[in-house]
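Q: Structure provided below as structure tokens; questions to follow.
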Amino acid sequence: MSFAQTLARLLIEGPASLFYHLFLGLALEGLGWMALETARRAPGNRMARRLTLAAGLGLLGRITLFGAAFAESQWLPVGTLLPPLERAVDLATWAWIGWAMIEGAPGFWLPALHTAVVFGVYGMIAPGWMSLSMQDPTLFYTATPSDRAWMLWTLGLALGIGGWLLSRSSPAFQSPGALGFFALALGALLQLNMPIAGTHLAPWVRLGALTALPLWLTGTYRLALQTAQRIPAGGEAGETWRAWSQGLLHALQAQGDPAPFHEALRAARTLLGARWTAIGLLQNDQLLIIAREGEGLPRAGADLTLPLPEHPRIGEAILRRHAVFLTPEDQPGEAGQRLWQAFGMGAIGFLQIEPLVAQNQVLGAWLIGYPPEGVPALPRDPGMGQQMAELLAQTLSLLQERERQATLEAALRSLQQAHEERVQRLETQHAEERQMLQREINRWATRAAEAEEERERWRRRAEELARLIEARASLPVGASVAGPGANASSSPAPEAAPEGQREELILALLQELRTPLTAILGYTDLLLGEAVGILGATQRQFLLRIKANIERMAGLIRETLQIAALEAGTFQLEPGPLHLTEVRDSVLQQLQPVLQERGLRLALEWPEDLPPVRMDRDAAQQILYHLLNNAALCSQPGTAIGLQAHLNPEVPGMIFLRVRDTGGGIPMEEAPRVFVPRYRAATPLIPGVGDSIGLSIARALVEASGGRIWVESEPGIGSTFTVVLPLFSH
């Protein structure tokens, strides 16, 4: 990418775009002030009045763009309003400035008509672009035909005005004015042929505008010099005046010159007949001498500061903004003596003080010293000194404006550098965070693998204990041989004793397994709650899988212990009046995730005025949960599960519950084993049954509550589980 392309791309970034508009506004303001001051000094100068009007309208256009940018940032997507408006405002501004520079141009109606046509075209284009940009936010305005039309318009206008300025313009604008418009034309041509993608803006045209405005400022300054009053017409004085003007131009264009005003001050001293002259800038209550010229003085020197309290007459002239001429008697004391000694004179002479005022702002003072010899001398032309002071003040104002622009450019470069450094820091920080996160993921993956190994170790240990228990149960109990007449009490122990001992050992082992499972589940919850560090997605997935398996194991152990307690008669029930509707709602809420995961619906037939039953609340909830959970696990996805509750007049004092599934039915030969609580490892699963252990718990709880349960099956369709429970009797 070339330097020009890099510079053009910089002009479309956020801070640079703001500084671009600020620069254009300040340049138009400076052009307008110089033109206004020229028109004030020369009321008959038509070109100065036109430039003032054009600069004012250009500033109004910049203000309009700032308002549109604010409105777009608040209420509209980026790029929907500003791009075509900026093209229209720029096109109208260039036309007004070109019309003002052309000597003998038509009247006010020509640029006004052009502006009306421009904004008429904008009014037709803007709604369509706004609608198009909202429909497709990825579309950029520089890729549209309307933008190419704007660029062609700008190219034709700039070339036409530039050619006109070369043929019919005042000397002030013949070269700088034409060069500025040709720079605009070159920017439009580059925008047409080398557009920069990914932006709504026209960076090449902006680069042309930044090139053109300083040239136009130079032309305006030349116009101000040409229209100054009382300029010597010819001869030696005319040559000296031209040297003075050239010296001011040199000061304006000098870069790096330690004494930019030396030539101008020397010409002014010759023209005014003075011994020395100096330029001082106002800083608080001091006058800082930035340039001085005189007989025997060094070329450069900004080493002199005049405190205004010690020189009250200089301060009074600056405060009142009026020129003052002081005689030697008006400069008594050591302060006056030191002032003249600083300029190489032992005796105090006559001092002319000209305030430097530009754009209604006091910049400082121009000091002109005359020799004290002979009759008190006066300046050759006091009015000329005042006019020269006005030109000098304008030159200083332009220099200060240039310094402000340089400061803005330096600030822009600093912002750009800071932005690049911040981006680099963020990239480095993100890389470090990614490495740290990857280390955490690896560490937690290792922990998850260790937890999985721990779970597998406990499972193998449980299998070994189970095999050990079975091996012990298969050994002989140690019965003795009975002799003749032996008592019956000496007979061998029943075979049921080893089986009972094996069951007790298994239940005790299950009770012991609950403790480590509870600890593992607690630590898993701590990890999932990120109490010891932030988890990644993979780590959380591993831990959720571990938790699900632990909860499944804990549920199996809990259900096995419950079956054993029911068979042993140690499970305590607290029967009482209970409305099954309350239990139904709680169970349906508990099973909602399973139903949603399998895409099952619930066909509910349940009167709301059913009388209460007589049973334990927890037992009723478990019965209904296990029946519905079995139906959900064995039913076909996308089908409906039936749940029905009703009273049968033929069986008074009882309530009937039915749960219907679509599991394909239970074979007739397997029906007796549906409610069997435990099987050998070689026993196959029963088709049409999803939760055999839960069904055995449900049967035990129903029978313990004084009810009955049975199943009816239709092969190929499904099964219906019926529960009969007693009603509560007062």
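FYI, it's all coordinate maths here, none of it is from the lab. All of these numbers come straight from a predicted model, not from anything done at the bench. Methodologically, a virtual Cβ is constructed for each residue, glycine included, from the backbone with ideal geometry; neighbour enumeration extends over all protein chains shown.
Q: I'd like the Karplus ³J(HN,Hα) series for the range 597-602: coefficients 6.51, -1.76, 1.60, θ = phi - 60°, whole numbers in Hz, and an x wherever there's a Gly or Pro.
A: Once rounded to whole Hz, the list reads 5, 9, x, 9, 10, 10.
Q: Estimate the FRET efficiency between residue 601 and residue 534 by the formula 1/(1 + (r/R0)^6), using the beta-carbon distance for r and 35 Å for R0, to the nearest 0.05.
A: In this case the efficiency is close to 0.30.
Q: Net charge near residue 720, counting Lys/Arg +1 and Asp/Glu -1 over other residues with Cβ under 9 Å of its Cβ?
A: It works out to a net charge of -1.
Q: Fewest Cβ neighbours within 10 Å first, please rank 250, 322, 114, 311 accordingly.
A: So the residues, fewest neighbours to most, are 322, 250, 114, 311.
Q: Can you give the net charge of the other residues whose Cβ lies under 15 Å from the Cβ of residue 581, counting K and R as +1 and D and E as -1?
A: Once all neighbours under 15 Å are counted, the net charge is -3.
Q: Counting each pair of different Cα atoms once, what's the Kirkwood radius of the range 576-726 in Å, rounded to one decimal?
A: 15.7
Q: What shape does the range 23-228 have by the C-alpha gyration tensor, where a ≥ b ≥ c are the square roots of the eigenvalues, rounded means a/c under 1.5, and otherwise prolate means a/b greater than b/c and oblate the rest?
A: Judged from the Cα gyration tensor, the range 23-228 comes out prolate (a/c at least 1.5, a/b above b/c).
Q: May I pose another question? Applying the Karplus parametrisation 6.51 cos²θ - 1.76 cosθ + 1.60 with θ = phi - 60° to the phi angles of the range 190-195, what ³J(HN,Hα) value in whole Hz is obtained for each residue in order, glycine and proline being reported as x?
A: 3J(HN,Hα) across the range 190-195, in whole Hz: 5, 5, 6, 9, 10, x.
Q: Next up: What is the distance, in nm, between label points placed 7 Å from the Cα along the Cα-to-Cβ direction at residue 416 and at residue 457?
A: The modelled label-to-label distance comes out at 6.3 nm.
Q: Each residue of the range 635-649 in order: what ³J(HN,Hα) in whole Hz does its phi give by Karplus 6.51 cos²θ - 1.76 cosθ + 1.60, θ = phi - 60°, with x for Gly and Pro?
A: 6, 6, x, x, 9, 10, 9, x, 10, 10, 9, 7, 9, 10, x
Q: Using 0.36 nm per residue of separation minus the Cα-Cα distance, give me the extension gain between residue 431 and residue 359 in nm, one decimal.
A: Roughly 20.5 nm would be gained on extension.
Q: Additional query: Give the long-range amide H neighbours of residue 615: residues separated by 5 or more places, or on another chain, with amide H under 5 Å away, using H modelled in the peptide plane at 1.01 Å from N.
A: 576, 578
Q: Please list the non-local residues whose amide H lies under 5 Å from the amide H of residue 602, H modeled 1.01 Å from N, same-chain partners needing a gap of 5 or more.
A: Residues meeting the criterion, in which the H sits 1.01 Å from N, are 641.
Q: Report the charge-dipole magnitude of the range 23-228 in Debye, nearest 20, computed about the Cα centre from +1 at each Lys and Arg Cβ and -1 at each Asp and Glu Cβ.
A: Rounded to the nearest 20 debye, it is 640 debye.
Q: With contacts defined as alpha carbon pairs under 8 Å and 6 or more residues apart, what's the relative contact order of the range 85-156 in percent?
A: Normalised by residue count, the contact order of the range 85-156 is 36 percent.
Q: What relative contact order, as a whole-number percentage, does the range 23-228 give when Cα pairs under 8 Å and 6 or more residues apart are counted?
A: This gives 24 percent for the range 23-228.
Q: In which sequence would 136, 661, 147, 618 go, from the one with the fewest C-beta neighbours within 10 Å to the one with the most?
A: Lowest to highest Cβ neighbour count: 136, 618, 147, 661.
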